[in-house]
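> Have a look at the structure that comes next, please.
Since every read-out is calculated from the coordinates, none of them should be taken as a lab result. Quick caveat: nothing in here was measured; it's all calculated off a predicted structure. Note that we place each Cβ from the backbone using ideal geometry, even for glycine, and neighbour counts take in every protein chain shown.
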Amino acid sequence: MLGYIAKRLIFMIPLLIGITVVCFAVIHLAPGSPTDLQTDLNPRASADAKARLKTLYNLDKPLYVQYWLWIKKLAVFDLGESFSSDHRPVVDKIVERLPITILINVLSMILIIAVAVPIGVMSAVKQNSFFDRATGIFVFIGFAVPTFWLALLLMVFFGIHLGWLPISGLRSLNYEYLPPWTAFLDQVKHLILPVLLSAFGGLAGFSRYMRANMLEVIRQDYITTARAKGLSERIVIYKHALRNALLPVITILGLSVPGLIGGSVIFETIFAIPGMGQLFYMSVMSRDYPVIMGILFIGSLLTLLGNLIADTSYALADPRIRVEG
Amino acid sequence: MKSDFQDRFLRNKLALAGAIVVAILFAVSFLAPWLAPHDPHEIDLKNVLAPPSWQHPLGTDPLGRDVLSRMIWGSRISLKVGFVATGISIVIGAILGALAGYYGRWVDAVIMRFVDIMLCFPSFFLILAVIAILEPSIWNIMVIIGLTSWMGVTRLVRADFISLKERDFVQAARVIGASDGRIIFRHILPNTMASILVAATLGVAGAILTESALSFLGIGVQPPTPSWGNILTAGKDNIDIAWWLSLFPGLAILITVMGYNLLGEGIRDALDPRLRD
């Protein structure tokens, strides 16, 4: 098992190097870089910003030196200082906002699994039933709904029309004065809409995927065997079939990490949630390059981490990999 | 074969509905100057945020501009972004996929590793980072969406190439001395057109969604140019008083994307009924 994890880690090294190369290339699109011919025609970048970019990324040195110096800093998570007036280290700014973004993404993943797996199983077991067709239509619409638009509609309906849920921030204004239990509920209420919407995009794809897997599994010989043994249909479906159908889902969960993280920009901006996505949006609007590059890098690291977790859980769940390593 | 395809496609009502939606979208964007009841840029400060009426069927925005007219003109943006972005991603994806699948070995390893690397980036982050550095113009957006969405196509085309390159017709071409380039582009690539076409149709839908999200965030198509996404921005700012600004552009995006998705899946089913799940 440990050998397997070590193998996955080694496999990630070239990916990590590739990520740094792509990030480095993106930096070089920035004004003031040697590759930028329009520097003086680009009024958005002040002379000051250009000078700071130059020192931050050593833009006056040869390309390979620049890359090496940058990598050395990355290795100790030195992402430079923010261009905004607080001049704080980029790492600090990101790290303090990371927990809430991760919390929302983990919660939406749990929600996706909790909803999509039963839907997928039910529609596969009762293929072509009313339930199957109805969820099929839901899935089809789900694929096409712009989630930021759905966010607006739900804000109007639950937030303004019904007044049930708060529509911005993480806490109410009087949060400090609430007793602990009410305070907790207050946070939960603030998280409902963002988590729901962030999960929505994945729900459609996931339940469809789960259905396809399940359909394939229940046609396998070992399922026929289980039935022939006289096992009850419930045990056949939930013990024999579901386990095997769930396996590939783990991989897909890992693959959905970048989408979820990317989506956080939209939801955190709409719902005014002080997470990494909102920080990214604000940095893009104010052209705070060090923060932009920092989040781009951290975002891809999180994806790698998500893949590693998915691979490891897959190995844990599948004896074939666990044993062979 | 051809009539088989037509037959299956025409019998699939959902696919037909998708084709009709897409056709209407084309018609609306080409006929925008004649269809739009008002000038999409005409500001009318006496008629700010007016609810739907006979004069303004879908209401007006915070500057008193006619929402219907802006949406009709905005359909051109969706069409343009969808096709140019997808065109870019298809060209990149087809070439890289063809090379990886045909040559295999280290060419394949390098290209597929690059695909893995690109898939590590939350694509929305990558798009935003590049836009922050360049200018948020419609051209930049189309190019950036295209440059960040070719990975799926590469995998598809590669898989097709791997299974096709051992076939007899390829061997035959090789025997008569056809060059690699000729075999790749004249013999194998035309046979992958089915998967490319399906990927392209679904890709257009994805590109339209991405553009609308970018424009909604104010980093996409810049006002005063109307796009469905940036009308929704005004909708968000006036969410408690002007529901029509939020409802209609979103519906337009939803229906358009659904149309392309239905069309794409319809083409796939018609080309190869075995692929239907």
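> Is there a pair in A:K126/B:K13; B:K46/B:K236; A:K54/B:K236; A:K93/B:K80 whose C-alpha atoms are over 28 Å apart, and which pairs would that be?
Over 28 Å apart, Cα to Cα: A:K54/B:K236; A:K93/B:K80.
> Once the Cα gyration tensor of the stretch B:119-213 is found, what semi-axes does its equivalent ellipsoid get, as square roots of 5 times the eigenvalues, in whole Å, sorted largest first? Provide the component values of the computation, followed by the final result.
On the way: eigenvalues 250, 34, 26 Å².
Equivalent-ellipsoid dimensions as semi-axes: 35, 13, 11 Å.
> To the nearest 20 debye, what is the magnitude of the charge dipole of the protein assembly as shown about its Cα centre, counting +1 on the Cβ of each Lys and Arg and -1 on the Cβ of each Asp and Glu? Let's see the in-between values first.
Details: 49 positive and 41 negative charges, 331 e Å.
For the protein assembly as shown, the charge dipole is close to 1580 debye.
> If you don't mind, there's one more thing I want to ask. Before rounding to the nearest 500, sum -39500 (n - 2.57) across all DSSP H runs of length at least 4 in chain B and divide by the residue total; then give [θ] at 222 nm in deg cm²/dmol.
Calculated at 222 nm, the ellipticity per residue is -23000 deg cm²/dmol.
> Putting +1 on Lys and Arg Cβ atoms and -1 on Asp and Glu Cβ atoms, find which of A:F267, A:S84, A:A310 reaches farthest to the positive end of the dipole of chain A.
A:A310
> Spin-label point model (7 Å from Cα, Cβ direction): what's the B:I20 to A:V91 distance in nm?
Result for the modelled spin labels: 6.1 nm.
> Next question. How high is the FRET efficiency from A:L63 to A:I235, r the C-beta distance, R0 60 Å, rounded to 0.05?
Working: r = 63 Å, r/R0 = 1.04.
With R0 = 60 Å, the Cβ-Cβ based efficiency is 0.45.
> Excluding the sites themselves, what is the longest stretch of chain B that contains no trypsin sites (Lys or Arg not before Pro) in a DSSP loop with at most 15 other C-beta atoms within 10 Å? List each step's numbers first, then the result.
On the way: sites that count: B:R167, B:R276.
In chain B, the maximal stretch lacking such sites is B:1-166.
> A further question follows. Where nothing but the Cβ of Lys and Arg (+1) and of Asp and Glu (-1) is charged, how large is the charge dipole of chain A around its Cα centre, in debye to the nearest 20?
Numbers: 27 positive and 20 negative charges, 188 e Å.
Dipole about the Cα centre, nearest 20: 900 debye.
> In nm, to one decimal, how far is the B:R11 label point from the A:A25 one, both placed 7 Å along Cα→Cβ?
It works out to 4.7 nm between the two label points.
> Which whole-number percent is the relative contact order of the stretch B:152-270 (Cα, under 8 Å, 6+ apart)?
After rounding, I find 23 percent.
> What's the FRET efficiency of A:L185 with A:K126 using the Cβ-Cβ distance as r and R₀ = 35 Å, to the nearest 0.05? It would help to have the intermediate numbers written out before the result.
Values: r = 37 Å, r/R0 = 1.06.
Efficiency for this residue pair is about 0.40.
> Roughly speaking, what is the centre-to-centre gap between the stretch B:106-130 and the stretch B:1-45 when only Cα atoms are used, to the nearest Å?
Using only Cα atoms to place each centre, the spacing works out to 34 Å.
> In addition: Take the alpha-carbon centre of the stretch B:133-155, take the same for the stretch A:187-256, and report the distance between them in whole Å.
33
> Using the Cβ atoms and a cut-off under 13 Å, what net charge is assigned to the surroundings of B:I138, where Lys and Arg are +1 and Asp and Glu are -1? The partial results should precede the final answer.
Working: positive: B:R76, B:K80; negative: B:E135, B:E211.
My count for the surroundings of B:I138 gives 0.
> For peptide A:108-119, how many partner chain Cβ atoms fall within 10 Å of a residue's Cβ, on average?
Working: counts 0, 0, 0, 0, 0, 0, 0, 0, 0, 0, 0, 0.
What the average comes to for A:108-119 is 0.
> In addition: Going highest first, how would you order A:260-271, A:214-225, A:194-205 by mean Cβ packing within 10 Å?
Order by mean packing, descending: A:260-271, A:194-205, A:214-225.
> Quick one: grab the alpha carbon gyration tensor of chain A, order the square roots of its eigenvalues as a ≥ b ≥ c, and give me rounded if a/c is under 1.5, else prolate or oblate depending on whether a/b is larger than b/c.
oblate
> Under 8 Å for C-alpha pairs, at least 6 residues apart: give me the relative contact order for the stretch A:244-309, rounded to a whole percent.
Details: 49 pairs, mean separation 24.8, N = 66.
Answer for the stretch A:244-309 is 38 percent.
> In whole percent, what relative contact order does chain A give with Cα contacts below 8 Å and a gap of six or more residues?
So the answer I get is 24 percent.
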